[in-house]
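Asks: A single structure is presented below for examination.
The values are calculated or read from the model by the stated rules, or taken from the named source; none is laboratory data. Bear in mind the structure is a predicted one, so any value in this text is a computation, not a measurement. Neighbour counts are summed over all protein chains in view; Cβ atoms, including those assigned to glycine, are modelled from backbone coordinates with ideal geometry.
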């Protein structure tokens, strides 16, 4: 089940919210309602992987309890922590990388003239990267003493399964939500803010991302794209990915507010960044924070000199690419991110810009788009074909004839809307501060625009039938 579906909008969500608010708000009873709803939400896809999900949750609950009983920093606690991390990574590694490993091995042995190894393809459970990372963060935080091992298994199970962020993030930490499982605010005002945020994300996803998606797909499928084709396809994917994933995060945050949870922001105007370092402080913030706290810092961070720091940055981003998927394109993309940040550090470019510098912004945006090319491509060969068109100026006369038949006025309009959206984000960050109208007036104006677009999105969704999120594949 996905947020952008009629089953979720017209059946699951109204039914869940009705049950949730009819459940007495005492002794964590509403956590039971969330747990049941989240398991139903996940099991809608496949019941067998719901069993895997439950087993992973139970395992990590008992690992956390064992670490807590052993004591912070104790040798026995360290052993339990290592066991938990190894088992979690083994589960993730098997489901996410078994097919890739066998395929790469077969490519090698067949090139040497041997018979390939036969293996049944392994199906990737939706959301496994996210709930495994959240489980690892929990047991590591308990070992470090940053969080207490919970004595409430339902609270922990609810944390892992919380359906607003279950299958595509953001990546949360138990310590940041622990108090909210015990007590959280419910009000009409908070519910209204959540509903508005959900509609905002829904519109971004269905109206903008889904409209430009076919354009990106077609450009990347061309066997001989022109320079204009390649740049248009890359730009369309740049828009699609941002509006798809940030739209999902908006919906997750909005759903959380509707049931009293306050989640961290996952995006903060990333396309106005003026360096790759700044970009990663604004893009997928929950993943960037996780990689920093549970990988970069344990590797040594910046504590052992500049060369060790550069090495740790490159390793962290390379492993971030590994996390995204079992494909050489993701490994290359991760290494590319690490290399670009390494170069920025050598040049003394870091931090968040205090003022707008158009040239630095343009260079950063082009670098981001170039890196998205290999991220989107199905293979390194496909990425190279796009790069050849982009930089070796193939068929520079304009769009190819097949491409011209696929470009629609609505798609161009949505690309322009995306540009306008990014410009507005830039004005919020770097423009002059102006006195804002009251909350009531602002909400009235927002809803006056948002409600018609939301209903238009529902009609568009009904017409197209299905709208999958890009980050489901991770």
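Asks: Working carefully through the options 232, 291, find the one that is part of a helix (DSSP H, G or I), in contact (Cβ under 8 Å) with a residue 12 or more places away in the chain and closer than 30 Å to residue 347 by Cα. Can you show your working first?
Replies: On the way: 232 fails: closer than 30 Å to residue 347 by Cα.
Within the list 232, 291, the selection yields 291.
Asks: Can you tell me how many residues within region 71-84 are surrounded by 13 or more Cβ atoms within 10 Å (Cβ to Cβ) and outside any helix (DSSP H, G or I)?
Replies: 2
Asks: I would also like to ask the following. Quick check on residue 316: is it over 22 Å from residue 369 (Cβ atoms), part of a helix (DSSP H, G or I) and modelled with pLDDT under 90?
Replies: no
Asks: Which numbered condition in (1) crowded, with 16+ Cβ neighbours inside 10 Å; (2) more than 29 Å from the chain's Cα centre (by Cα) is the only one that residue 392 fails?
Replies: Only one criterion in (1) crowded, with 16+ Cβ neighbours inside 10 Å; (2) more than 29 Å from the chain's Cα centre (by Cα) is unmet by residue 392, namely (1).
Asks: Sticking with this one: In region 9-18, what residues are surrounded by 14 or more Cβ atoms within 10 Å (Cβ to Cβ) and either in a loop (DSSP other than H, G, I, E, B) or at pLDDT 90 or above (or both)?
Replies: Scanning region 9-18 gives 12, 13, 16, 17.
Asks: Just checking, does region 91-102 include any residue being within 20 Å of the chain's Cα centre (by Cα), surrounded by 12 or more Cβ atoms within 10 Å (Cβ to Cβ) and free of Cβ contacts under 8 Å to residues at least 40 places away in the same chain?
Replies: Yes, there is a match, as at least one residue in region 91-102 is within 20 Å of the chain's Cα centre (by Cα), surrounded by 12 or more Cβ atoms within 10 Å (Cβ to Cβ) and free of Cβ contacts under 8 Å to residues at least 40 places away in the same chain.
Asks: Residue check: is residue 305 at positive phi and surrounded by fewer than 17 Cβ atoms within 10 Å (Cβ to Cβ)? Explain how you work it out, then say what you get.
Replies: Details: at positive phi: yes; surrounded by fewer than 17 Cβ atoms within 10 Å (Cβ to Cβ): yes.
For residue 305, the condition - at positive phi and surrounded by fewer than 17 Cβ atoms within 10 Å (Cβ to Cβ) - is met.
Asks: Got at least one residue in region 358-375 being farther than 30 Å from residue 453 by Cα, in contact (Cβ under 8 Å) with a residue 24 or more places away in the chain and outside any helix (DSSP H, G or I)?
Replies: The answer is no, given that none of the residues of region 358-375 is farther than 30 Å from residue 453 by Cα, in contact (Cβ under 8 Å) with a residue 24 or more places away in the chain and outside any helix (DSSP H, G or I).
Asks: Here are 101, 93, 68: which of them is closer than 21 Å to residue 290 by Cα and either assigned to a helix (DSSP H, G or I) or assigned by TED's automatic domain parsing to the domain that holds residue 199 (or both)?
Replies: Being closer than 21 Å to residue 290 by Cα and either assigned to a helix (DSSP H, G or I) or assigned by TED's automatic domain parsing to the domain that holds residue 199 (or both) holds for just one of 101, 93, 68, which is 93.
Asks: With respect to residue 87, determine if the residue is part of a loop (DSSP other than H, G, I, E, B), out of contact with any strand residue (DSSP E or B) (no Cβ under 6 Å at 6 or more places or on another chain) and farther than 30 Å from residue 19 by Cβ.
Replies: In short, no.
Asks: Is it the case that some residue within region 206-222 is assigned by TED's automatic domain parsing to the domain that holds residue 453, in a helix (DSSP H, G or I) and without any contact (Cβ under 8 Å) to a residue 24 or more places away in the chain?
Replies: So the first thing to find is which residues in region 206-222 are assigned by TED's automatic domain parsing to the domain that holds residue 453, and the list is 206-222.
Next, from what is left, pick out any that are in a helix (DSSP H, G or I): 206-221.
Next, from what is left, pick out any that are without any contact (Cβ under 8 Å) to a residue 24 or more places away in the chain: 217, 221.
Checking region 206-222: at least one residue is assigned by TED's automatic domain parsing to the domain that holds residue 453, in a helix (DSSP H, G or I) and without any contact (Cβ under 8 Å) to a residue 24 or more places away in the chain.
Asks: While we're on this one: Give 168, 147, 157 a once-over and let me know the one that is over 30 Å from residue 419 (Cα atoms), modelled with pLDDT under 90 and not assigned by TED's automatic domain parsing to the domain that holds residue 459. Lay out the reasoning, then the answer.
Replies: On the way: 168 fails: over 30 Å from residue 419 (Cα atoms); 157 fails: modelled with pLDDT under 90.
Going through 168, 147, 157 in turn, the sole match is 147.
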